Structure formats: structure tokens, C-alpha cells
Amino acid sequence: MYILGISAYYHDSAACLLENGAIVAASQEERFTRKKHDAGFPRLASRYCLSAAGIDTKQLDAVVFYDKPFLKFERLLETYLAFAPRGVKSFLASMPIWIKQKLFLKDLLRGEIKQISPALHCPPLYFTEHHQAHAASAFFPSPFERAAILCLDGVGEWATTSAWLGQENQLTPLWQINFPHSLGLLYSAFTYYTGFKVNSGEYKVMGLAPYGKPVYVNQIKEHLIDIKPDGSFRLNLNYFDYCTGLTMTNVKFHRLFEGPPRKPEAPLTDKEMNLASSIQAVTEEIILKLSRTLKAETGEKNLCLAGGVALNCVANGRLLKEKIFEHLWIQPGAGDAGGAIGSALAFWHQLKGEPRKFDGIHDSMQGACLGPKFSPEEISGFLEEQKIPYHRLSYQDLLETASEALAQGKILGWFQGRMEFGPRALGNRSILADARNPQMQAELNLKIKFRESFRPFAPSVLKEEAGKYFDLEVENPYMLLTAPILPQRRIALTPEQEQLQGLELLNIPKSDIPAVTHIDYSARIQTVDKERSPRYHQLLEAFKRKTGFGVLINTSFNLRGEPIVMSPQDAYLCFMRTNLDLLALDNFLLYKNEQPPFKEQTDWRTAFELD
């Protein structure tokens, strides 16, 4: 039985195909269209998923959408009525779209589905609720027979925060917090106010937080949000504009923090750093309180997380450290893209009543490597057609050459196997470099990614070596937790350095792997194991043999504002647009200094909207 799950029309649209309950393929539409956070119907991603199984729409038994449009329309109408007449501008902007398209989503979806394959056939169409899809994506692929589930995002139909109990193949809703009271929207308000892009720049706020001090926590809790002991909360809507206007914050919010929002790309000041630190602290407090409440109510030992807020790896690291639950599992595509996986799994297990497979250890996400793979013939065909110089090596020679180049300070584009699902590159579509190099963070940010200098990089570490570098007792294959660098690897600040503040601390080495050590001595870690990532694991082993360190910088293979590369063509373009030294496309190795002159008619910055 084949089931296609779809998320679309808000942001990060995606498709996922199940075959008898097993995930065959999943991908975001952005990887194909090259439009970051593409919200359109995932036609190309759906075509890929069907091609991975060798079927067309005639073989599909069901298509499941991750949202219920009439419930969302109900919420919009009630919101506009509640805030009338203040919401008239937002009402006039959104209602034509809803009336023409989203309200009659079933007809729109049927038309789109017929265009996926030449069959021009639409199988039966079903809908899950938004947070049901999040909960299903969190629990059903997890290793657990039973678990408490916490979903936190901006908003679905009504729910912004929801709690569930997962048991074998069933989800039971426990409670929810409804719009307009939303932790995700509160965090997005600060994303907007600090000058970053909503639904894209929240991770920048998280990365900026350690440079500041949480001096605004009391202001936030006194004026913006009322947090109860059980973690439930209510926002003071007098300070926000998202219910009635076209921005996140209003004049009263700006007066509270003594000025208008920072303009995008303007210099960062202590104010933005302190705001980031403060909203991060408040977010962590709420998540911890909600988790303690859920533990007390359910008595479960396992917790699963999904929703966009679950991508906050710093909060996840705090949750792990507090040991509220014995085990934690987070959906690697925790945002809206994961709704495609969740909607399909909810249909299979809940509606069809099909059993789950679980062993308490292994999840069913296959290392999140669920996207397209390109054969050696496809890669060589592209290289030959474009007359691109390359070297075809045995895999062992590739490992030796690549690891030696990394040890010498070179920066490598690493394109192997199936593309990852979700926002993190996990070693198949990655840019790699030596974590020991104290200048590498600045070089990668400014010369490769062309982005803000403060943004940290993640280390990939051999799973079996993780305990030698980090205070981390669990595996973290999906890069969704932060953990401290071990004290013995840290470099203490001098008395003069201790007087520095904010970005002045940026380029001071803080450990023997300085390029991945944040200023608070933390790191967002990916543990790499042989089962999920055999090739990447072998590269880390080869690097360790040469240097004694089983750690590399791993950042996503893309430019700022560009989705992660999907194809060899995407990878080559990114290679030539940046200061990457080498590119490994499967076993084909390309050197920058051997490439012909590269010129584009227009600057790539005009092709990608900076995030």
C-alpha cells in the first residue's frame, strides 16, 4: 500500500511516500525549485518520491494533507472578528487568497495531484490536523513503544502547543494551548525585532544568544507573557501585531524596548544580543516547565518532540541535561516539512490501524537520508557534458586525498548518497573543514557562506569518540542537541579577554577544537555512526588517522539564502561561487585551481533572497 503525505501552502512544503508503512522517500520542494522555504505545492518533491518507488499516482492508495483548511479558516475569521476593526488591513490582504484557493483546498489539491505524473489520476484525499501530523512525525518514527509527546510551533489550525500520549500505533491528545498564545510566535516576534527574517532567522537568534546577557527577562515576563507554574502561558496581545496587522510587533512593543526593530543587515549591537539571550532564556523556562508537567501527568519515561520550536537545539540540550525524561527523541524535520511524514504515518497507523515496529533503540528515519541519490553514470555524464575537469578515484583513494586536504586546512564540498530531509546537512550534502583551525569559523562565514560572522558551526564527531570531546551521554545523529565541551579541552580566557563582551569574544580560541566551540563552551553536535552514515564515518576515521582528531566542521552545502544543494549541478554551482578548495561528487574529485574561469551573467545574490 502506497501513501503520499503532503505539507504545503505555508512554508517548507514537502512530500513523503510510505510503502506498507515504511518511509521510501521524503524531500522538501525547496531543494528542487531552489527557492528557500518554498511554500508551493510540492509537485517536484512528490514526483521524486513516486520515482523512488517506481510508481505513478495510479498506484497511490491515499494522499494525506497535513492541515484542515476549514478549521484554520474558522480561526482566521474568529481572530478578525475578535480584533475588529483593527484587523481590517490583514483581513483584506488574506481573505481573497483564502476564498479563491485555500478554502476550497480539496479541489486545488486534486488538480495538483493529477499533475504529478502522466497518469492524471487523483487517489482518495484525506486530511489530518496540523498538530496531529506533528505528533505523528515525532512518535511513530521514534524507537519507543510508549512516549509523551510535546509539539510546539507558531500555529496550526488553532493549536500552538499540544501534548499527546503515544502508545504503540495510537496517539491520544491530552491538552493544547491555542492561538493567539504561541511560544513560536513570541520567538518569531523577537526574530523580527532583532532584524532577522521570520520563519527563517529564528536559529540566528538562538546562535546570537550566548553573546548577550538575559537582562530583558523580567521585562518579557512582566509585560509580554504570563507563565504559569505548569508551563502554560498567555501573551499580552497589546504588544503584538500578528493578529491584526502585517508585522509581528507594534509601537507598544517598540516603546518597551526603546526603539524600532533593527533593520536587516544593520550592525548588531549589545541590545540585539541581550534580547536574543533573554528570549532564549524564557523559551527554555517554558519548555522545561511544560515537560515537567507532562512527565507528572503521564509518568512516561520517554519524550518525543516536534514543531518548529523543537529545532531549538539549545533548549533541547537543556531538556536533556535536566533529565526530566529518561530518553528524548526529536523529529529531524521537526518543522512544517515534517508534517508530510506525520500526515502519512497518522493515516497508516491511526486510520488504518496498522501496527508499528519498534525496538527501543533504532528509529525509522534512516538517518534522515531520504532524498535523491545520483549514480556515478549520472555524475560523470554531467561532468563530461559540461567539460568539467575531474579525477575519478577509488573510494579508498578519495578518503585518503580528502582527509589529507582537510588536515592541510582546505575546505571541501562533500556530496554523497541520498540527500538529507530536514534543515540539517548530516554528511551527504555538507561543507567540511578542520575544527582545530581557529580562523576557520570566520573564513567559512565570510568567504564560503557569505553570512554573519557570529553564526556558529557544528562539529561532526565519530559516535564512539564523542565522549572524548563533549559532555554528551547520548547519541545525537540529527544535530538537534547542544552539549558542553569537556573542561579538559577548554582554553581559559586571560584576564584581559575576560573584560571583553559580545562579538569581541568571537575569534578567541576557547578549546582545542575552536572552530566549533561557541563562546559559552557549547557545541551543536552530530554524532556519526557506521550504520546511518557509513561513508561519512569512514572519512572521519581517515581524518583521525592523520590528525588524531575524529571531529570535523560540518555545515550545510549552500550559500546564504540558498537551499541545501540537491543535484551535482547545484553542488558545482555552489563550488564555483564560493572559495571552496575541493568538491567530492561521489568518487569524483574536483579541484578549484583546475576549473575553467567561471562567470555568471548576474550575481547569485540576486537569485537568492538573503535569509
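The values are calculated or read from the model by the stated rules, or taken from the named source; none is laboratory data. Because the structure is predicted, anything quoted here is derived from the model rather than measured. Using ideal geometry, Cβ is built from the backbone for each residue, glycine included, and neighbour counts are taken over all protein chains shown.
Is one or more of the residues making up region 172-189 part of a strand (DSSP E or B), buried (at least 18 other Cβ atoms within 10 Å of the Cβ), in contact (Cβ under 8 Å) with a residue 12 or more places away in the chain and not small (Gly, Ala, Ser)?
There is at least one residue in region 172-189 that is part of a strand (DSSP E or B), buried (at least 18 other Cβ atoms within 10 Å of the Cβ), in contact (Cβ under 8 Å) with a residue 12 or more places away in the chain and not small (Gly, Ala, Ser).
Go through (1) more than 30 Å from Ala138 (Cα to Cα); (2) at pLDDT 95 or above; (3) not basic (Lys, Arg) one by one and return the number of the condition Ser453 breaks.
Tallying (1) more than 30 Å from Ala138 (Cα to Cα); (2) at pLDDT 95 or above; (3) not basic (Lys, Arg), Ser453 fails exactly one: (2).
Take the residues of region 266-312 that are more than 17 Å from Ala189 (Cα to Cα) and of a type in the set (Asp, Glu): which is surrounded by the most Cβ atoms within 10 Å (Cβ to Cβ)?
The extreme case among them is Glu300.
Quick check, is Arg43 surrounded by fewer than 22 Cβ atoms within 10 Å (Cβ to Cβ), basic (Lys, Arg), within 21 Å of Asp570 (Cβ to Cβ) and not assigned by TED's automatic domain parsing to the domain that holds Ser200?
Yes: the conditions hold for Arg43.
Consider only pairs whose beta carbons are under 6 Å apart and that are at least six residues apart or on different chains; among these, list those whose first residue lies in region 348-360 and is more than 19 Å from Thr128 (Cα to Cα) and aromatic (Phe, Trp, Tyr) and whose second residue is at pLDDT 95 or above and part of a loop (DSSP other than H, G, I, E, B).
So the pair list comes out as Phe358/Pro143; Phe358/Glu145.
Give all pairs with beta carbons closer than 6 Å in which a residue from region 564-589 that is in the same structural domain as Glu420 (by TED's automatic domain parsing) and among the hydroxyl-bearing types (Ser, Thr, Tyr) meets a residue that is assigned to a helix (DSSP H, G or I) and crowded, with 20+ Cβ neighbours inside 10 Å; count only pairs at least 6 apart in sequence or on separate chains.
Once the first residue is in the same structural domain as Glu420 (by TED's automatic domain parsing) and among the hydroxyl-bearing types (Ser, Thr, Tyr) and sits in region 564-589, its partners that are assigned to a helix (DSSP H, G or I) and crowded, with 20+ Cβ neighbours inside 10 Å give Thr578/Ile448.
Could you check, for region 200-207, whether at least one of its residues is in contact with a Leu (Cβ under 6 Å, 6 or more places away or on another chain), touching a residue at least 12 places away in the same chain (Cβ under 8 Å) and not in a strand (DSSP E or B)?
For region 200-207, residues in contact with a Leu (Cβ under 6 Å, 6 or more places away or on another chain), touching a residue at least 12 places away in the same chain (Cβ under 8 Å) and not in a strand (DSSP E or B): absent.
So which residues in region 431-449 are over 18 Å from Lys510 (Cβ atoms) and surrounded by fewer than 18 Cβ atoms within 10 Å (Cβ to Cβ)?
Answer for region 431-449, where residues must be over 18 Å from Lys510 (Cβ atoms) and surrounded by fewer than 18 Cβ atoms within 10 Å (Cβ to Cβ): Leu446, Lys447.
Which residues, taken from region 461-515, are part of a loop (DSSP other than H, G, I, E, B) and in contact with a Ser or Thr (Cβ under 7 Å, 6 or more places away or on another chain)?
Glu475, Asn476, Pro477, Ile491, Leu506, Lys510
Residues Gly195, Gly231: which one is part of a loop (DSSP other than H, G, I, E, B), at pLDDT 95 or above and in contact with a Leu (Cβ under 6 Å, 6 or more places away or on another chain)?
None of the other options fit; the residue is Gly231.
Kindly indicate whether any position in region 275-285 is more than 20 Å from Asn199 (Cβ to Cβ), touching a Gly at 6+ places or on another chain (Cβ under 8 Å) and either in contact (Cβ under 8 Å) with a residue 60 or more places away in the chain or among the hydroxyl-bearing types (Ser, Thr, Tyr) (or both).
yes
Can you tell me which of Thr128, Thr194 is buried (at least 21 other Cβ atoms within 10 Å of the Cβ) and in contact with a Pro (Cβ under 9 Å, 6 or more places away or on another chain)?
Thr194
Identify all residues within region 23-69 that are part of a loop (DSSP other than H, G, I, E, B) and within 21 Å of the chain's Cα centre (by Cα); write none if there are none.
Passing the criteria: Glu29, Arg34, Lys35, Lys36, His37, Asp38, Ala39, Gly40, Phe41, Pro42, Tyr66, Asp67.
Only one of Gly231, Gly338 is surrounded by 16 or more Cβ atoms within 10 Å (Cβ to Cβ) and at positive phi; which?
On inspection, the qualifying residue turns out to be Gly231.
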